[in-house]
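Take a look at the structure below.
The values are calculated or read from the model by the stated rules, or taken from the named source; none is laboratory data. Remember, predicted model here, so these are calculated numbers, not experimental data. Glycine also receives a Cβ, built like all others from the backbone with ideal geometry; neighbour counts cover every protein chain displayed.
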Amino acid sequence: MANLITRRETIAAAGAVAAAATGGAAQAQIATQPATAPNLPIERGATLRMLRPVRFVQPDEDVWRANCQRFAQANGIEVRVDFVGWEDITQQTAVTANTGAGPDIIVGFDAGPHLFAEKIHDLTDVATYLGQKYGGWRPLANAYGRRGDRWISLPFGASGGPAIWRTSTLREAGFESVPDDHAGFLRLCQALKRINKPAGFALGNAVGDGNAFANWLVWSFGGSLTDEQGAVSINSPQTVAALNYLRELYQTFVPGTLAWGDISNNRAYAAGECHLTQNGVSLYFSMLNDPALRHIAEDTQMTPMPKGTLNAVPNAGLTLNAMVFRHSRFPNAAKALLTFLMETEQYDPWLQANIGYWSQPLNAYAASATWTKDPKISVFRDTMNNPFWNGYKGPIVEGSVAATADYVMVQMCAAVASGQATPQAAAAEAERRAQRYFRRR
Amino acid sequence: MSATTAPVWTKTRQQPGALARLFDNKAFLIIVCLAPAVGLLMTFLTYPLGLGIWLAFTDTTIGRPGIWVGIENFEFLMEDPIFLNSVFYSVFYTAVATFGKFGLGLWLALLLNQHLPMKSLLRAIILLPWIVPTVLSAIAFWWIYDPQFSIISYLSMKMGLTEGPIDFINTAWPARWSLIFANIWRGIPFVAISLLAGLQTISPSLYEAALLDGATPWQRFRHITFPMLMPILAIVMTFSIIFTFTDFQLVYAITRGGPVNSTHLMATLAFQRGIPGGQLGEGAAIAVAMIPFLVFATLFSYFGLARRKWQQGESND
């Protein structure tokens, strides 16, 4: 996913921040329930250091920093926030956890906190309070935030991967929207191929887009990497059915998808080489902010990927997930800061500053003005309502993270699409690899 | 000051102080002078290498320290088709790329050794691929090989040579050859400039003598140039094999080991499993598995190519 920040975008969004800061009315609509905040006496003279992935858009960073500063001033403590590249956050978290030194709070991705469950503070009290006050946590937040029945981290938002397509092209092919079933989806892709405006989905080693597509494919047929108990269940009739379907679907793709990285589909779509793909919201905004591509953005529509045989959208959004390390000398201050950031006065302006890049983990924020500004991005409002996560459907363990990072699902799909393996053989190979990652130690 | 107390003259030289005697001690001096170097080597070479080897025998992951598992990692790797494929491709990649680099590099060196106009400028230009940071040239090749936006595909479609884009990195074998080509492109300057340096040390009188004997150009190359180049060829080849075998940046930037793991080198697979995959133990095991190959390649170049017979003729023992 591209992290394109243009000057225009920055200026426009900075205006939005100013508007959000002055117009208190925009915040009034977030409904709250009475709840008692946990008693967290802030340590005297506390200094907190927080590490966070870099922004999508400049206002994300500005509002986040401003919120932290307000907390620091109100409590007479110091808060320092550092932003690091997305690729580095896992390694820096690992170093922090293993050395017991470094930031007090790290906002990682997805199941990251589960790797370090023994090294981070329990956040059940804070999460329970926030859940009560803001209408409950959404399913994806429950999946990534909890370990068993306790909370180990606070999800801050997720970025989903819907289907993104050209309205005019679909109309030309005789479709009004992307069908919600497999047969219809295949017919659509075949029709797109016929009019030489094909679809394309990443099948290369692309952490975001590759996994999103492979997960969608397998999940939408009822397959899963693991079962509820956490045993590897990828080698199933459902998976084989999904892979058989992929063999036909792949024929309709634009050439080269086996070599696609995370950025490739963005480029192909923006260049008009590909007319239907799966991506985060960044693609839409990067085109909207480029005068040369604005017409494509205006012709673009985003809808959830087909549900297939399920009742929910088979997509696991990329989730910001905050953890407090046990080595922190000021755990109360750290927990209070995270709580503070999730409260309406801080969270809603931040959500709005992100113009849809991140979607809320707490139900009440679905009423945020973020989701009414541009109807096209309203598809992201319910990203965290999808009950799917990397490594679905077993409990999250090290293996869930490793299997995703090592492209087990993606390469299973790619092996079939390229004709290197039969669906049965590919599923068996994925099972072999997954068993290694999910082995009991 | 009275002159009555004349300094007492003693016959024996003053016994040197304990510190001076210590510094006169040869053993002590050796230890003191070597300590910084040994310390640096231990800290920055031996310790990481030792740690890597130790990790290879544990099941350490990024989240937690591991326990000793013996050769379990290696047992798993022996049955892992992805690892075996990476071993095959590492050897293939090194062999073909080295062959290509030396063939073309030697040819280029011979050309540059002729008297050409603007010789220095040409030599400087030749070095460019070597000077540019690998990641930059890798990104350039990534664009050149891009399935959608390749300049070569574009030109060939414009000229009507192909109907659709050329498949550079979308299937296994084209991807393997594309990476080898990029590696050769990048490696030629190093070989060419090193061999050029070697060529210039060959005394012109040898060629004059050969000319007087009526030797053909091929004979001059075969019996003068080639044997005289052998020592430097052996060293350059050793380096080249090591650099090629441990190549990482080109593959990681262009294909990330794809499509479907067909272009993983052992180095990229070790990184993929160890850092993004979090399996530090397994990644270390893959890296350790590279050591025998590298030792073999080094010994082969060293003892094979550097033999006196090869350098100075069959009869010279």
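Just a few scattered comments:
Residue-wise test of (1) touching a Ser or Thr at 6+ places or on another chain (Cβ under 7 Å); (2) of a type in the set (Phe, Trp, Tyr); (3) within 30 Å of residue A:430 (Cβ to Cβ).
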| site | (1), (2), (3) |
| --- | --- |
| A:328 | no, no, no |
| A:348 | yes, no, no |
| A:352 | yes, no, no |
| A:396 | no, no, yes |
| A:406 | no, no, yes |
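- Test: residue in the range A:133-152 that is among the aliphatic types (A, V, I, L, M), within 27 Å of residue A:310 (Cβ to Cβ) and in a loop (DSSP other than H, G, I, E, B): no
- Looking across the range A:153-174 at every residue that is touching a Lys or Arg at 6+ places or on another chain (Cβ under 8 Å) and assigned to a helix (DSSP H, G or I), the one that is farthest from residue A:394 (Cα to Cα) is identified as A:172.
- Within the range A:47-99, if we keep just the residues that are over 26 Å from residue A:111 (Cα atoms) and in a loop (DSSP other than H, G, I, E, B), the residue that is nearest to the chain's Cα centre (by Cα) turns out to be A:77.
- Looking across B:136, B:155, B:108, one residue alone is over 23 Å from residue B:244 (Cα atoms), away from every other protein chain (no Cβ under 14 Å), assigned to a helix (DSSP H, G or I) and of a type in the set (A, V, I, L, M). It is B:155.
- Against the list (1) at pLDDT 95 or above; (2) assigned by TED's automatic domain parsing to the domain that holds residue A:371, the condition residue A:148 fails is (1).
- Single unsatisfied condition, residue A:393 versus (1) at pLDDT 90 or above; (2) more than 10 Å from every other protein chain (Cβ to nearest Cβ); (3) closer than 28 Å to residue B:63 by Cβ; (4) surrounded by fewer than 20 Cβ atoms within 10 Å (Cβ to Cβ): (1)
- Elements of type helices (runs of 4 or more DSSP H) contained in the range A:256-332, each with 2 or more residues being buried (at least 21 other Cβ atoms within 10 Å of the Cβ): A:264-270, A:282-288
- Residues that are facing chain B (nearest Cβ under 10 Å) and under 30 Å from residue A:151 (Cβ atoms) within the range A:411-441 comprise A:436, A:437, A:439, A:441, listed in sequence order.
- Taking the numbered list (1) within 14 Å of chain A (Cβ to nearest Cβ); (2) of a type in the set (A, V, I, L, M); (3) without any contact (Cβ under 8 Å) to a residue 40 or more places away in the chain in turn, residue B:175 passes all entries but (3).
- Residue list for the range B:43-82, filter: more than 22 Å from the chain's Cα centre (by Cα), assigned to a helix (DSSP H, G or I) and surrounded by 12 or more Cβ atoms within 10 Å (Cβ to Cβ): B:54, B:55, B:56, B:72, B:73, B:74, B:75, B:76, B:77, B:82
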